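Undergrad: I'd like to ask you about the structure that follows.
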Amino acid sequence: MKIAGFVGSLRKAAYSGVVMDMLIELAPEGMEIERLTIGDLPLYNEDLKEDGSPAKVLALAEAVRQADGVLIVTPEYNRSFSGVLKNALDWISTEPGMPFSGKPTAIVSQSPGMRGGALANYHLRQTLSVIGAAILTGPEAAVANSGDLVVDGRIDDARTRKRLSKELDALAEAIHRAA
Ligand SMILES: Cc1cc2nc3c(=O)[nH]c(=O)nc-3n(C[C@H](O)[C@H](O)[C@H](O)COP(=O)(O)O)c2cc1C
């Protein structure tokens, strides 16, 4: 079961990256999560598609097409998800065959604040629904107080790990149902 992983923050010590590392560690038997690189994409510009899309965009779109599911970790910026993530989703959405179409997709937001980026989580659902992703329903996975939970670049908090393990199980179940 191959999962295309997106992290919506570029900073080296990003809490979003730490959350993704934890998810990779918690992946159930048979699930492989690959973190894709989105930080080196140009800003979306249709002119850049004139002679064919940039190679990095083609590779990303293909990685999504080939994946059985998608996992996205996003921070919250001004009550939405990050621009770097939106840019990647916009690029991929313009590639043939609607790469996200029907892909079981799990969203995890995180924030050092007490709502865990819940508004970014819902804003991301809006965009993903337009590009055809099969978004996991149910209570949102939102990691609150991430700045306190991250110690030495990892999260060992048992409650958070249990909650996110459940999210991965739900993603695996959705993939089985879709197969
Ligand atoms: C431009 C900007 C806007 C932000 N807006 C919000 C916000 O609306 N809600 C929130 O909880 N945190 C907000 N934050 C704080 C981020 O949640 C915090 O910087 C977080 O650590 C970013 O995620 P990262 O660690 O993965 O980079 C904002 C930060 C920036 C830089």
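Undergrad: Only one residue in 38, 92 is touching a helix residue (DSSP H, G or I) at 6+ places or on another chain (Cβ under 6 Å), assigned to a loop (DSSP other than H, G, I, E, B) and crowded, with 16+ Cβ neighbours inside 10 Å. Which one?
TA: Unique residue meeting the criteria: 38.
Undergrad: Can you pull out every residue in segment 10-22 that is in contact with a strand residue (DSSP E or B) (Cβ under 6 Å, 6 or more places away or on another chain) and more than 9 Å from the ligand (Cβ to nearest atom)?
TA: The answer is 20, 22.
Undergrad: Taking interchain pairs and intrachain pairs at least six residues apart, which have beta carbon atoms under 7 angstrom, with the first residue in segment 1-12 and within 19 Å of residue 76 (Cβ to Cβ) and the second modelled with pLDDT of 95 or more and of a type in the set (Phe, Trp, Tyr)?
TA: 8/81
Undergrad: Related question: Among the numbered conditions (1) away from the ligand (no atom under 16 Å from the Cβ); (2) among the charged types (D, E, K, R); (3) under 18 Å from residue 117 (Cα atoms), tell me where residue 79 comes up short.
TA: The failed condition is (1).
Undergrad: Does segment 166-176 include one or more residues that are within 17 Å of residue 74 (Cα to Cα) and part of a loop (DSSP other than H, G, I, E, B)?
TA: No: zero hits.
Undergrad: Looking at segment 95-130, which of the residues that are buried (at least 24 other Cβ atoms within 10 Å of the Cβ) and among the hydroxyl-bearing types (Ser, Thr, Tyr) is farthest from the ligand (Cβ to nearest atom)?
TA: For segment 95-130, the residue satisfying everything is 105.
Undergrad: Now for a different question. Take segment 121-157 and flag every residue that is at pLDDT 95 or above, at positive phi and not acidic (Asp, Glu).
TA: Of everything in segment 121-157, those that are at pLDDT 95 or above, at positive phi and not acidic (Asp, Glu) turn out to be 132, 145, 153.
Yes/no per residue for (1) acidic (Asp, Glu); (2) in contact (Cβ under 8 Å) with a residue 40 or more places away in the chain:
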site: 29; (1), (2): yes, no
site: 39; (1), (2): no, yes
site: 47; (1), (2): yes, no
site: 52; (1), (2): no, no
site: 56; (1), (2): no, no
site: 80; (1), (2): no, yes
site: 104; (1), (2): no, yes
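The values are calculated or read from the model by the stated rules, or taken from the named source; none is laboratory data. Given the structure is predicted, the values throughout are model-derived calculations rather than measurements. For neighbour counting, all protein chains shown are included, and Cβ atoms are generated from backbone atoms with ideal geometry for every residue, glycine included.
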